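Encoded as structure tokens, the structure appears first; notes follow it.
The values are calculated or read from the model by the stated rules, or taken from the named source; none is laboratory data. Fair warning: this is a prediction, and the values are worked out from it, not measured in the lab. Note: ideal-geometry Cβ built from the backbone for every residue, glycine included; neighbour counts use all protein chains shown. Calculation scope for accessible area: heavy atoms of the full protein, side chains included, ligands and nucleic acids excluded. Shrake-Rupley method; radii C 1.70, N 1.55, O 1.52, S 1.80 Å.
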Amino acid sequence: STKPVRIAVTGAAGQVSYALLYRIASGEMLGKDQPVILQLLELPNEKAQAALKGVMMELEDCAFPLLYGMEAHSDPTIAFKDTEYALLVGSRPRGPGMERTELLAANAQIFTAQGKALDAVASRNVKVLVVGNPANTNAWIAMQSAPSLPRENFTAMLRLDHNRALSQLAIRMGKPVSLIKYLAVWGNHGSTMYPDYRFASMEGESVKGIINDDAWYKDVFLPTVAKRGAAIIEARGQSSAGSAATAVIDHMRDWVMGTQGRWVTMGVPSNGEYGIPKNVVFGYPVTCSGGKYTVVEGLEFDEFSQDRIERTLAELISEQDAVKHLL
Ligand code: NAI
């Protein structure tokens with residue numbers, strides 16, 4: 001369609017957005033026929049707004065044919081007006097000496113306000129992706145704060161974990177990433193997340209069988225994927241941005257355009273699948289088609305995987321418990 005769609009991006013002057021906005025404007029997310037209007041939200045302070053203006057100047061300088069308009073905002077109730085896609089990237093980072101509960105509380109405030117703003121002014125079909133950490137719990141808060149919007153439209157980003165896991169398996173096998181199918185990452189985008197290769201296949205063969213090295217899986221692969229964010233910070237002096245932006249593009253493009261049967265990982269509100277309490281925003285393997293995702297059901301757990309699911313669920317429940325009284 002040639003009618004432009006409105007895409008809201010928060011934290012628009014931050015480093016993930018700096019790697020993301022150009023790719024949205026060039027058509028990588030919604031396709032080369034879909035014009036876009038960017039509704040960019042940043043904190044109201046002068047420094048953030050000035051940095052946002054700078055990013056918009058650069059976007060202008062790209063002369064993207066699909067970029068029909070851009071707006072700078074500091075108020076979510078204006079930034080989210082009629083938006084069909086909301087990419088919630090900005091969040092409160094952990095400051096020096098900040099306790100986990102303080103961090104959760106600060107983000108609860110942000111995502112309550114943004115959820116209410118979406119509820120009030122966004123398109124009734126808005127597709128929401130929460131990137132800002134703690135992503136699953138922030139998505140849960142935004143969803144709870146937007147009772148008039150469909151619950152299933154609120155998602156959290158686990159795609160970076162999924163992509164990291166895919167690459168580590170591909171490297172180990174010396175094969176292209178594109179040949180690996182049916183990988184799942186369960187649970188929280190955090191250190192307890194569980195990358196599960198038991199169902200993965202490559203050209204019809206079991207990935208687990210090809211690798212045939214459980215010690216590598218448990219002692220090398222799982223910690224490598226879980227600690228990858230910290231390893232990037234250690235190496236680069238800054239947290240993942242290019243890979244995070246790629247994961248945003250992948251998550252949204254697949255949600256909108258479909259996965260043709262491929263599994264991808266999305267954090268989505270549970271409907272009780274696999275015994276996860278309803279509404280917990282949990283990383284599940286999903287397929288997408290016609291603008292909707294479907295959780296892959298009927299997979300079986302062994303003792304190890306059951307234990308990993310319980311651990312990551314416990315982390316999510318404890319995050320929820322820490323902010324419940326604020327909602
Ligand atoms: P950054 O600090 O470079 O940028 C964040 C931006 O958000 C800043 O410009 C800040 O002013 C803005 N911001 C903060 N609160 C805001 C609010 N209430 N409304 C609008 N804007 C607000 O951080 P970076 O590197 O861009 O990361 C963004 C977030 O994404 C972080 O929370 C990070 O932990 C998370 N992240 C999540 C990943 C995932 O896989 N789920 C991967 C990588 C990053």
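Screening region 128-183 for residues that are open to solvent by 40 Å² or more (accessible area, probe 1.4 Å) and among the β-branched types (Val, Ile, Thr) and picking the one that is nearest to the ligand (Cβ to nearest atom) gives VAL177.
Residues that are closer than 30 Å to ILE110 by Cα and crowded, with 23+ Cβ neighbours inside 10 Å: does region 195-217 have at least one? Within region 195-217 (the criterion being closer than 30 Å to ILE110 by Cα and crowded, with 23+ Cβ neighbours inside 10 Å), the answer is yes, since at least one residue qualifies.
Selection of strands (runs of 3 or more DSSP E) fully inside region 247-312 by the criterion of at least 2 residues being open to solvent by less than 70 Å² (accessible area, probe 1.4 Å), aliphatic (A, V, I, L, M) and in contact with a Phe, Trp or Tyr (Cβ under 8 Å, 6 or more places away or on another chain) returns 264-269, 281-289. Residues of region 282-307 that are touching a residue at least 60 places away in the same chain (Cβ under 8 Å) and in contact with a Ser or Thr (Cβ under 8 Å, 6 or more places away or on another chain): PHE282, GLY283, TYR284, PRO285, TYR293, VAL296.
Taking the residues in region 111-122 that are farther than 26 Å from THR287 by Cβ and crowded, with 20+ Cβ neighbours inside 10 Å as candidates, determine which candidate is farthest from the ligand (Cβ to nearest atom). Checked region 111-122; the qualifying residue farthest from the ligand (Cβ to nearest atom) is GLY115. Every condition in (1) open to solvent by 40 Å² or more (accessible area, probe 1.4 Å); (2) more than 9 Å from the ligand (Cβ to nearest atom); (3) more than 23 Å from GLY258 (Cα to Cα) is met by ASN125 except one, and the failing one is (3).
For GLU102, the test of being over 18 Å from the mean Cα position of the chain (by Cα), surrounded by fewer than 18 Cβ atoms within 10 Å (Cβ to Cβ) and acidic (Asp, Glu) is passed.
Here GLN15, GLN49, GLN39 are screened, and the one residue that is modelled with pLDDT of 95 or more and open to solvent by 60 Å² or more (accessible area, probe 1.4 Å) is GLN15.
Table: residues versus (1) within 14 Å of the ligand (Cβ to nearest atom); (2) in contact (Cβ under 8 Å) with a residue 60 or more places away in the chain; (3) open to solvent by 70 Å² or more (accessible area, probe 1.4 Å); (4) in contact with an Asp or Glu (Cβ under 8 Å, 6 or more places away or on another chain).
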site: GLU58; (1), (2), (3), (4): no, no, yes, no
site: PRO65; (1), (2), (3), (4): no, no, yes, no
site: MET70; (1), (2), (3), (4): no, no, no, yes
site: SER91; (1), (2), (3), (4): yes, yes, no, no
